[in-house]
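Peer 1: There's a structure below that I have some questions on.
The values are calculated or read from the model by the stated rules, or taken from the named source; none is laboratory data. These numbers come from a predicted model, not from an experiment. Neighbour counts run over all protein chains shown; Cβ positions are idealised from the backbone, glycine included.
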Amino acid sequence: MREILNQSSNPEIIKPMLELVMEKAEMFKQRFHRKPVFMEVCGSHTHALAKSGIKQALKEYVRLISGPGCPVCVTDQRSIDSMIELSQGENRIICTFGDMMRVPGSKYSLMEERTKGKDVRVLYAPTDAIKIAEDNPEQEIIFLGIGFETTIPILALLMQEAEKKQLTNFSIWMTTKLVRPVLEYLLQSGEVALDGFLLPGHVSIVLGEENYSFLVDDYHISGVIAGFEPAELLSSVQKLVQLAYDGEAKIINDYPSVVTKKGNSAARNLMARYFEECDEAWRGIGTIAKSGLDIKPAYRQFNAKLKFNIKQQEPRKTKCRCGEIIVGKIDPEECPLFGKACTPRKPIGPCMVSDEGSCSAAYLFMRGLG
Amino acid sequence: MCVGVPAKIIEKHEYSAVVDVMGSQTNVGIIFVPEVELGDYVIVHAGQAISIINEQYAKESVVEWRKMVDARNSEPIF
Amino acid sequence: MSQTINLAHGDGGELTHQLIQDVFVKAFGNNEESKFDAAIIPVQQGKIAVTTDSFVVKPLFFPGGSIGKLAISGTVNDLAVSGAKPLYLTCGFVIEEGFALKDLKTIVQDMADEAKKAGVLLVAGDTKVVERGGCDGLFINTTGIGVLTKETETVPSFEVGDDVIISGTLGDHGIAILTSRGDLGIKSAVESDCAALNTMLEKATAVSKQVRIMRDPTRGGLTTTLVEIAEDFGVTITLEENAIPIKDGVRGACDLLGYDPLYLANEGKAIIVVAHDDGDKVLEAIRQLPEGQDAECIGKVTDTSKGQLLIETPLGVKRALHRLSGVMLPRIC
């Protein structure tokens, strides 16, 4: 199996595939007098496209816009400030994914708070937070629950464990995001003209291929579910170009080895048991109705937002244009801070912090060639 | 959006399993893939196996890529 | 003698003397040079090279080495990559009260073993004991003194086409440390590469008079060290991603955590930039030693007018590489 998987980065396959995509895109250009435009919704796609060099190689052939699929980047500044503010209380252990550590709050980042002596722990597996809660009964353990549909089931699993163990010192600060509402927002706002979506492979594991039929039925736009290795990405971009060339709107599951038609129902059921839809604020967009999940009232004892009284303050204003970047309105290079005041070492906006943020990918992988 | 890593199940318990990624091992939860078996490859995200990799489909994808590459040299593309 | 170190071991009295005799002299020997307040060593012809480094690794023992081995090899390597022949080392210990004597003995023995292997003498030392919580177990500082056996140019003259050689697989130390800490729940058979490289580097410079520069890619990894070379000397170095040797175990752990092996620390690897004509000779010479058996040519100097580091991906696309920005953290996205 490992050998089969390794084929996805075999130069003998991926080099001619890249040329094939270029040729097809050239044909598109001849027919429509413009480059085809696609949005890669997922931040891991942004990262993989830039790291492998696909984005750079296709620059003159296909316009690939990075979409709102980096959980850290789309989180509203007020939520970020609130999560950092949580670390200020006494007897608290903040548990988080590494992604959140360097995100700049209006005042500090969690990394800076840890340096000052606050107990902030980076976990690889969120379920470790349960053990931390059991081992530290005198402390309040708060998990910072960010993520899309791939990660939310794992937050639901935390809820299940906490419920089973009747923990009274454990809670989650939920600020999760759902894919469909933001795609619909983008399509309805009409701010970005697209020929199709490169759909997120790992979110689709949970959601399933059928979840995307609304793209074709309601908006007549294509979507191809893609994997993350070079051959997988090139194959999916090639399919998007072909659909656009043919003027066809269709959903293609181009990651069938892990994505099924119906998705992972065990994961969705667990989500449905503990969480319910809520309005969520997205950076640069504002509130989108029913675009996130929050803890159901029956489980309010695990809801950190209800347990701790955090006053949300008006965030510090910066010239950061992450909000426009995540919806594809502008490219990172068009932000006046990009690469100057804002770099991965001293980030001003979240898109520069997260490894999969568009600004970070543009800074690390696209900049400085020549 | 989400890092997901292919990993092989080398030890299976009721709710968890030990997976191997090219010689590095870690514990993962398998509650979302209850039907998983020893030797299967899974996609791991944040310490949980979230999908079983279907070997047949994985092979078919490779065959499709190879065909794409071969066809490019012999036929007009549109 | 008690089984743990206490504050009295550091007060200069009877216990200090006992500690020095039982632990340090036993392992390091009692050199003629060391009988005074300062070590007296003969002056050699030419120039001397001096370097110092402090070691605060956690855990103190890890697969493939210990803080003791590291404290010797790290300083020896800093001398060796500078073209100096390492001769003498001094060492300073800061020990936390309550530290197990048994562990101290093991660490000191590791130092003695590695020093012997590298052919260097430990000529001066100091021990301080701090209160519990004053340090994390044990810190070691070593200072190294070496001689430059031949005139080395201070500004190397790079040429387009020069080979960039790495003496082995990357990221082994970083992953060994990370997995032995255990807090991320990842197990790995990867061992730290920590080793003194002076013998290997002497071989390299013996077979080629056209070695431009040597560096050891420690903290920040291969990328950070090469970016420094590129920027300091205004050369473009282009790496070939597929040629870079990385152990599967390192790759696997990196995949799981979202780390990049090119930024992980190494403690037993050297980068050697050498004229293309001599590249194969150097490779052949260093591959004969265990510490250089996986050596590969991983790239070239491609321009001498612009300081940057590029990498050609398996897709054949070039992109720029930059220094590590901030610590690496496990990520979900």
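Peer 1: Go through region A:72-129 and count every residue that is within 14 Å of chain B (Cβ to nearest Cβ), under 18 Å from the mean Cα position of the chain (by Cα) and part of a helix (DSSP H, G or I).
Peer 2: 6
Peer 1: Continuing with the same structure: Only one of (1) at positive phi; (2) touching a residue at least 40 places away in the same chain (Cβ under 8 Å); (3) not assigned by TED's automatic domain parsing to the domain that holds A:His47 is not met by A:Ile288, so which one is it?
Peer 2: Here A:Ile288 meets the rest and fails (1).
Peer 1: Same structure, new question: Restrict the check to region C:172-179 and report whether at least one residue is among the charged types (D, E, K, R) and surrounded by 18 or more Cβ atoms within 10 Å (Cβ to Cβ).
Peer 2: yes
Peer 1: Here's another thing I want to ask about it. Given C:Thr143, C:Thr225, C:Thr169, which one is over 30 Å from C:Leu256 (Cα atoms), at pLDDT 95 or above and either hydroxyl-bearing (Ser, Thr, Tyr) or in the same structural domain as C:Ile41 (by TED's automatic domain parsing) (or both)? Show your work before the answer.
Peer 2: Details: C:Thr225 fails: over 30 Å from C:Leu256 (Cα atoms); C:Thr169 fails: over 30 Å from C:Leu256 (Cα atoms).
Only one candidate qualifies: C:Thr143.
Peer 1: Scanning region A:1-52 for residues that are in contact with a strand residue (DSSP E or B) (Cβ under 9 Å, 6 or more places away or on another chain) and not assigned by TED's automatic domain parsing to the domain that holds A:Leu64, which turns out farthest from A:Val72 (Cα to Cα)?
Peer 2: A:Met1
Peer 1: Among (1) surrounded by fewer than 24 Cβ atoms within 10 Å (Cβ to Cβ); (2) modelled with pLDDT of 95 or more; (3) more than 18 Å from the chain's Cα centre (by Cα); (4) more than 30 Å from A:Ile141 (Cα to Cα), there is one condition A:Asn169 misses while meeting the rest; what is its number?
Peer 2: Here A:Asn169 meets the rest and fails (4).
Peer 1: Looking only at region A:191-209, count every residue that is surrounded by fewer than 20 Cβ atoms within 10 Å (Cβ to Cβ) and either within 20 Å of A:Lys290 (Cα to Cα) or within 14 Å of chain B (Cβ to nearest Cβ) (or both) and tell me the total.
Peer 2: Summing the residues that are surrounded by fewer than 20 Cβ atoms within 10 Å (Cβ to Cβ) and either within 20 Å of A:Lys290 (Cα to Cα) or within 14 Å of chain B (Cβ to nearest Cβ) (or both) in region A:191-209 gives 1.
Peer 1: Looking at (1) under 26 Å from C:Gly221 (Cα atoms); (2) within 18 Å of the chain's Cα centre (by Cα); (3) assigned by TED's automatic domain parsing to the domain that holds C:Leu79, which is the one condition that is false for C:Ala176?
Peer 2: (3)
Peer 1: Would you check if C:Leu70 is in the same structural domain as C:Ala243 (by TED's automatic domain parsing) and either outside any strand (DSSP E or B) or at pLDDT 95 or above (or both)?
Peer 2: Values: in the same structural domain as C:Ala243 (by TED's automatic domain parsing): no; either outside any strand (DSSP E or B) or at pLDDT 95 or above (or both): yes.
The answer is no for C:Leu70.
Peer 1: Would you say A:Gly53 is modelled with pLDDT under 90 and not hydroxyl-bearing (Ser, Thr, Tyr)?
Peer 2: Numbers: modelled with pLDDT under 90: no; not hydroxyl-bearing (Ser, Thr, Tyr): yes.
Here the answer is no, as A:Gly53 does not meet what is asked.
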